[in-house]
Structure formats: C-alpha cells, structure tokens
Ligand code: DGT
Ligand code: CA
Ligand code: CA
C-alpha cells in the first residue's frame, strides 16, 4: 500500500494547471474522495457519511465535464452528491493538491488497517486488535499469524474465528481484481446455457455490470425465473465449473468458479421477473435515482415490483417494460443505466436509438500474419464474412513498429497485390488495404507519402514514448491529425485496462481537432483496450466526432471483439448514424475516397 505521503504527491500538486481534460483531474478528485471514504470506513464511522463520499467520487469519475472548470466557476455544489462539507474539502484539494482533513484522517488511522478491512470478517475493532496486539498489517501477515495460532488468544477471537479468518485472508490474497468484460462474458454465456438446460428454469438473464456491459466486471450476476427456486439453485451449485460454494439458500447462491471468479445467482418467481431484473441490473446509482423518482410519485419500487404507497396495490413487476412504464419512463437498454441523464431522457421520451451489433457492416481494424497477427488475410476475411460482415480493413503495422513486425515499404506493396487477388476471390466481400500507421514522437507518420496516398485506409496510432508529457503528446497527435491522408485515430487514449492508464494528453483538444479534420475516432473493441471509453465516446459525439469500430483482431476468433466495441458505443449513447462502419460497402468506400480526395 502506498504511504499516505506518496498517494498525493508532487504531480497532484500541479493539478490546477491540468485543465482542459476531464479524465485526469476527475480521476484524481474521485480517488481523493474514495480514499477519505476508505479511511472513514477503517475508523468505523457513520455509513451514511462514508457512502456520501463514495457517491460523490462515483459521480465525479463519471462526469465528462472537467471538475476543475466546475470548481473554478464556483459550481462544485451543483454536482449531485456534493454538499457543502465535501465541496469545502474538495475545493482545498483542487486548489492546493493537499487536504488537511485527509492528513488528519491518515495520521489518526493505523497503517495497514484499510487492507485488513477488505478481508470478510474483519471490522474496525478486530483490525485494531490485530495491529496493536500482534503488529499484523497485511493479509499476508494475518495468514502467518493464523497459521502460528497467534490469533486465537486475542479477546473475542478463539480457534474457530482464527480458522475462518485464515481462509478469508488466503482467498483475499488470491482474489483477482476486476475481470475484463471480454473474459467474463464467455464464462457467463456458458453458465446461462447450463441454466437454460434446466427444465425448471423459465427465464434466465445476466444482470449487474455484465448486463450493462461495463468494461470490467466485479462479479457475475445471474437472474433466473422459476417456481421451484430451491431445485434450481441446487442444480446450479453442483455444476462442474463450480469450485466452491460460498452461500447457498433456497432463492440465491454465491459460488466461486475454478477460475476464481465469483457468481451470484438469484431465482425469483416469474411474477416479479421484470422488477428483479431491473433491480439486479442496476447500476446502483441508477436504482437510487429511480427509487427517488418512485417516492416523489407516491410509489414504492423494489425487487418485487412497483407498488402504490398508500394502498399497497402492485402496479407492475412482470416485465421490465411495465416497471419503467409504471414510473412514467420508457424502457431503456441496460447500457444506459448509469444515472448519466438516461432517466430524464426516458421521462421526455427522448432516449437515443442505440446502435446494435447487427447494424455493423465492417471491421475497421484487423491484423494479419503479414505483421503480428496469427492468421492469413484470407482466414481473417472468411472469419469476418462468417460473422455477417461485408468488409474488413487490414491494418497491419508500419515499418517503425519492429516489435509488432511492422511491414517494410516493399512488403506493403506486395500486400496490396495479395489483397487485390483475394478481393477477386471473395467478392462481393471486400478487403480494404489499410495500415495502422505509427505516429512518431514528432507527429509525422511512419510511412512515405506514396504509400499513404495509395492505401484505401490510413489509421494512425501512438505506440511509443508514452511518457513524453501532456503538452508534447497533444502536439504530437494534433500534428498527425493535420495530415490530410489520415482517416481514423486508433485507440486514442492508449490505455490497457489493469496495466496502464493511458498517456497524458489533452484528449478534448484531440477530439475537437479530429472532428474538424473529419478524422474518425476508433472505438477499439479489444477487451483490454475498449478505447475510446464510454464517457469519452459520448463527449466526442458532442464535439462532432464520427466513429469507426475495430476489433483489433490478431486472429480469426478475435473478430468477435467487435461486439465489445459496440457495447462501448452503446454505453456512449451512439446511434448507428454516428458510426461509419455501419455503412454498406459502397458508401463506406465512397467515404474513404472522398477523404482521400480532400487530401489530394
Ligand atoms: P460489479 O459487480 O462491481 O461489476 O458491479 P454490479 O453493478 O454488478 O454490482 P453488484 O454485483 O454489487 O450488484 C448487482 C446489482 O444489484 C447492482 O448493479 C444494483 C443492485 N444492487 C446491489 N446493491 C444495491 C444497493 O445497495 N442498492 C440498490 N438500489 N441496488 C443494489
Ligand atoms: Ca456484479
Ligand atoms: Ca453481485
């Protein structure tokens, strides 16, 4: 765990200068509030206060407006969830990069306690005992102490609790962090198949973050409808993929799979299917807002239905549509349920018509074994065709990216002939001859003009020197976007989920420039990237950007990643008209050519 001094150190002090882009300041402000929430929890403070900080953090994290701009305009308290007390602390942090309140909290909280508190079974009182009596500060130290039977003599502990805490701490240290959507989805799909095969199950659906297609998944939530729930949960906990049963009741079960992934199953009566599906899909913030709306209309909303507060009469519950309708709302796709304006839009009957997987006609980002892919161009094309696509763009790497076996100029030319040959073979399916061209640190493109002009599709990306700093990186990308040959900007943030956060860049300026230059923004569907992410997609659309979706496939099975790109687009409120790769082949080629003509 970082020491208190290091968690908000030098670069945070520069915060007030880092304007123009919501991502970093908002993320830092959110981390600041989350840290306060964790410390308050460690001290066993009032849960409502803790939740207030958590909610404020979640809102700021999800906002596309830069929190620094909001603060400078004196509007912190206009953000939902920020009251006078949080506003004062956040204001000080934004102004100085520091917080007296946080410093006091840190000073008053023993080191290690936050990590211990994440272990189920350990609350603030037990954590303090462990720290003060045994000097235990980490789950690893707890495991050692339990193995040596040093826990059992602490006041109120005993051998049984010692054993339980040992198991819990071991699990905690093994537990994986959040899973990528692309990892969780196929696992959930199989579980759903198994449940569907049970004749007692009438309905089954994913719920929670999985159904909302969030980029990462904490645990898999599944919902089933059956009039004999006990038998269904019984069948479920005995599936061969289940490694461990953590909880098992007549209507719900929580299990760990061999992969370490946790799955929650709930079984409800078909009568309350819609209400339960709505409730367990969340998000939590969406549900809270919905419940407030229900209360303001004299209604009560829970996982069993919508009820008249006065008479107790049940007004809805069988389907999600009728639940939303009873509250005066249009039904909305799960991807929108994040309390980011969807409730107002549903009240106004102005929800967007979201793009669907079936609207997509082509894949804008595919690698072959000419660079770092594993399969031939023909194999990739056949995979795309069998998925119902009409075209794909081969976008192998440019010469400078040696690690990814970037093509030499000469090999690019030979690739063009290969693609022409395949196009005669596979017509009417169309393979576009493109490239994923490296943007050099100076902002020039890593291919000569002669090739850039000849290519059907020029997609550009940053693959090196991530640490050059915000200004230099912004200049670098803006310079590249000024090159009139460029059709699209690939994975604009450069993040890898769970590995790196993305380079520092004024993304807002990049998106404005892309919109002005008619350069499409790629939504990269590779599960580790999902870049541009949802809140930025929405912002980019506001700024006038158009989009393409690319699977970034490096093998035939990866073309499926398009569906995750579509999920991000939907979470970013995009309709099919916003996405150029919904165009059929002819108009898509026309778009590619007019862009090239403008360049000529
Ligand atoms: P995750 O698992 O961290 O990726 O995120 P979720 O959204 O799947 O969260 P999870 O698994 O804790 O709960 C599933 C859904 O259940 C959640 O999206 C909304 C609902 N839910 C859970 N706890 C609460 C709560 O305290 N209040 C309300 N209104 N809904 C809740
Ligand atoms: Ca979940
Ligand atoms: Ca859950």
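Taken as a whole, the structure places residue 501 among residues that are modelled with pLDDT under 95, under 18 Å from the mean Cα position of the chain (by Cα) and within 23 Å of residue 463 (Cα to Cα). Of all residue pairs spaced 6 or more apart or on separate chains, none has beta-carbon atoms under 6 Å together with a first member in region 538-567 that is without any contact (Cβ under 8 Å) to a residue 24 or more places away in the chain and a second member that is surrounded by fewer than 21 Cβ atoms within 10 Å (Cβ to Cβ) and not in a helix (DSSP H, G or I). Can you tell me how many residues in region 502-519 are touching a residue at least 60 places away in the same chain (Cβ under 8 Å) and closer than 17 Å to residue 484 by Cβ? Adding up the residues that qualify gives 1.
Residues considered: 476, 512. Of these, the only one that is surrounded by fewer than 18 Cβ atoms within 10 Å (Cβ to Cβ) and either at pLDDT 95 or above or in a helix (DSSP H, G or I) (or both) is 512.
Checking each residue in region 193-237 for being more than 16 Å from ligand 2 (Cβ to nearest atom) and within 16 Å of residue 259 (Cα to Cα) picks out only 237. Selection of first residues in region 282-305 that are in contact (Cβ under 8 Å) with a residue 40 or more places away in the chain and within 17 Å of residue 336 (Cα to Cα) and of second residues that are within 16 Å of ligand 3 (Cβ to nearest atom) and part of a loop (DSSP other than H, G, I, E, B), restricted to Cβ pairs under 8 Å at least 6 apart or on distinct chains, gives the following pairs, ordered by first then second residue: 282/212; 282/337; 283/212; 283/337; 286/337. Here region 168-179 is the region considered, the condition is being away from ligand 2 (no atom under 14 Å from the Cβ) and surrounded by 15 or more Cβ atoms within 10 Å (Cβ to Cβ), and the residue that is nearest to residue 338 (Cα to Cα) is 172.
One line per residue, one yes/no per condition, for (1) surrounded by 24 or more Cβ atoms within 10 Å (Cβ to Cβ); (2) touching a strand residue (DSSP E or B) at 6+ places or on another chain (Cβ under 7 Å):
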| site | (1), (2) |
| --- | --- |
| 533 | no, no |
| 538 | no, no |
| 541 | no, no |
| 556 | no, no |
| 561 | yes, yes |
| 571 | yes, no |
| 580 | no, yes |
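The number of residues in region 283-307 being more than 18 Å from residue 81 (Cβ to Cβ) and either in contact with a strand residue (DSSP E or B) (Cβ under 6 Å, 6 or more places away or on another chain) or in the same structural domain as residue 223 (by TED's automatic domain parsing) (or both) comes to 6. Among the residues of region 110-127, which ones are within 17 Å of residue 162 (Cβ to Cβ) and surrounded by fewer than 18 Cβ atoms within 10 Å (Cβ to Cβ)? If the condition is that a residue be within 17 Å of residue 162 (Cβ to Cβ) and surrounded by fewer than 18 Cβ atoms within 10 Å (Cβ to Cβ), then 120, 121, 123, 125 are the ones that fit. Restricting 76, 102 to those that are within 24 Å of residue 542 (Cβ to Cβ), at pLDDT 90 or above and surrounded by 17 or more Cβ atoms within 10 Å (Cβ to Cβ) reduces the list to 76. All of (1) away from ligand 1 (no atom under 15 Å from the Cβ); (2) at pLDDT below 95 hold for residue 204 with one exception: (2). For region 261-284, a tally of residues being more than 15 Å from ligand 2 (Cβ to nearest atom) and farther than 17 Å from residue 212 by Cα returns 7. The residues of region 347-366 that are in a helix (DSSP H, G or I) and in contact with a helix residue (DSSP H, G or I) (Cβ under 9 Å, 6 or more places away or on another chain), listed by number, are 347, 357, 359. Of the residues making up region 145-157, none is within 30 Å of residue 208 (Cα to Cα) and surrounded by fewer than 18 Cβ atoms within 10 Å (Cβ to Cβ). Being at pLDDT 95 or above, crowded, with 18+ Cβ neighbours inside 10 Å and assigned to a strand (DSSP E or B) holds for only one residue in 393, 380, and it is 393. Which residue is nearest to residue 394 (Cα to Cα), if the candidates are limited to region 444-466 and must be surrounded by fewer than 18 Cβ atoms within 10 Å (Cβ to Cβ) and in contact with a helix residue (DSSP H, G or I) (Cβ under 9 Å, 6 or more places away or on another chain)? Per the criteria, the residue is 454. Assigned to a helix (DSSP H, G or I), farther than 18 Å from residue 489 by Cβ and either modelled with pLDDT of 95 or more or assigned by TED's automatic domain parsing to the domain that holds residue 31 (or both): does that describe residue 587? Against the criterion (assigned to a helix (DSSP H, G or I), farther than 18 Å from residue 489 by Cβ and either modelled with pLDDT of 95 or more or assigned by TED's automatic domain parsing to the domain that holds residue 31 (or both)), residue 587 qualifies.
A quick yes/no check of all residues on (1) closer than 30 Å to residue 291 by Cβ; (2) assigned by TED's automatic domain parsing to the domain that holds residue 573; (3) in contact with a helix residue (DSSP H, G or I) (Cβ under 6 Å, 6 or more places away or on another chain):
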{"residue": "342", "(1), (2), (3)": "yes, no, yes"}
{"residue": "379", "(1), (2), (3)": "no, yes, yes"}
{"residue": "401", "(1), (2), (3)": "no, yes, no"}
{"residue": "405", "(1), (2), (3)": "no, yes, no"}
{"residue": "411", "(1), (2), (3)": "no, yes, no"}
{"residue": "427", "(1), (2), (3)": "no, yes, no"}
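Candidates in region 313-346 are the residues that are assigned to a loop (DSSP other than H, G, I, E, B) and touching a residue at least 40 places away in the same chain (Cβ under 8 Å); of these, the one that is nearest to residue 356 (Cα to Cα) is 333.
The values are calculated or read from the model by the stated rules, or taken from the named source; none is laboratory data. On a predicted model such as this, the values are computed, not experimentally measured, just so you know. Cβ sites come from the backbone with ideal geometry, for glycine too, and all protein chains shown count toward neighbours.
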